Amino acid sequence: MRLTANRRRWRANVVAALGLIVLVASSCSRTDGDEEDIFDRGVYCEAMHTSEASVDAEAMEQGDMGAYATTIETYKHLAELAPQELSYEWQVIAGGVQRMVREAAGQEAATDEETAEFRTAYQTVYSDYMESCLESPSPRE
């Protein structure tokens, strides 16, 4: 099935964003802050780090439906673990991957609004990640 220019652009945007999320996730480190921080941020950042192995952007680009399914489940899991303020963004990102699957099957194409929402969600998650998960752990005493 040939993809229209709009579908190719949407697919390229999602695959590129997924690749960047994986790249950032591979750099995530667990903080050694107070107990609340370890529960909220530490568990989330650790899940981000371990999710790297579950996301195979190359396989998705090649049309591997199993890779899409694994990625969707990974992002739904991250939505559950994410701080409340990021849960919606992870749901939007998982929805973007689901949209790619539907488009590959010749179903509905993403609207410009959906593409913009996906980009905004990705930017929000990325910014939070850079600020919260990539902070240097506090020195051990």
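Listing for the model above:
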{"quantity": "Residue count, region 102-138 (criterion: of a type in the set (V, I, T) and crowded, with 16+ Cβ neighbours inside 10 Å)", "calculated": "3"}
{"quantity": "Subset of region 51-96 that is outside any helix (DSSP H, G or I) and charged (D, E, K, R) - its residue that is farthest from Q107 (Cα to Cα)", "calculated": "D56"}
{"quantity": "Output for region 97-108, where each listed residue is of a type in the set (S, T, N, Q) and in a helix (DSSP H, G or I)", "calculated": "Q98"}
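Every number in this text was worked out from the coordinates using simple rules, so none of it is lab data. Worth saying up front: this structure is predicted, and the values here are computed from it rather than measured. Neighbour counts run over all protein chains shown; Cβ positions are idealised from the backbone, glycine included.
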